[in-house]
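Novice: Quick one: the structure is below, questions incoming.
The values are calculated or read from the model by the stated rules, or taken from the named source; none is laboratory data. Treat the numbers as computed from the prediction; the structure is a model and nothing was measured. Here the Cβ positions follow ideal geometry from the backbone for every residue, glycine too, while neighbour counts run over all protein chains shown.
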Amino acid sequence: MDPWTALGLLAGFLTTIGFVPQIIKGYRSKRMEDLSLIMPILIGVGMLIWLIYGIWLDSLPLILWNAIALTLNMIIIALILKYGGSKKG
């Protein structure tokens, strides 16, 4: 594996893992009312575009981490919808 791919994998891991504490906290507390629904929707659209771009480039780090991050982001959206996110955006 070349060093640039390794760097991309590390960067993707570090930015993607940031979703996990929010998911755990929301699931345990059953409270998501302080979170905006608009933010994860916009980020999710961006992740989807990055995923498509990664597929076009055949880039393992872009494909892997954007697919995982998009999944985690969708979990956050589901938790916001289930446990009452902010209606203000």
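Novice: List pairs: first in the stretch 14-29 and closer than 15 Å to A67 by Cβ, second aromatic (F, W, Y), Cβ under 8 Å, 6+ apart or cross-chain?
Specialist: T15/W65; T16/W65
Novice: What are the residues in the stretch 55-86 that are β-branched (V, I, T) and in contact (Cβ under 8 Å) with a residue 40 or more places away in the chain, if any?
Specialist: Filtering the stretch 55-86 for residues β-branched (V, I, T) gives 55, 63, 68, 71, 75-77, 80.
Matches in the stretch 55-86: I68, I75, I76, I77, I80.
Novice: Another one. Determine whether L64 is surrounded by fewer than 19 Cβ atoms within 10 Å (Cβ to Cβ) and either modelled with pLDDT of 95 or more or in a helix (DSSP H, G or I) (or both).
Specialist: Details: surrounded by fewer than 19 Cβ atoms within 10 Å (Cβ to Cβ): yes; either modelled with pLDDT of 95 or more or in a helix (DSSP H, G or I) (or both): yes.
Yes; evaluated as a whole, the condition is true for this residue.
Novice: Among the numbered criteria (1) at pLDDT 95 or above; (2) over 14 Å from the mean Cα position of the chain (by Cα), which one does S36 miss?
Specialist: Looking at each condition in turn, S36 falls short on (1).
Novice: Filter the stretch 1-48 down to residues that are part of a helix (DSSP H, G or I) and among the charged types (D, E, K, R) and give me whichever is surrounded by the most Cβ atoms within 10 Å (Cβ to Cβ).
Specialist: Step one: list which residues in the stretch 1-48 are part of a helix (DSSP H, G or I), which gives 3-16, 19-29, 38-48.
Okay, now just the ones that are also among the charged types (D, E, K, R), so 25, 28.
Details: K25: 12, R28: 8.
My answer is K25.
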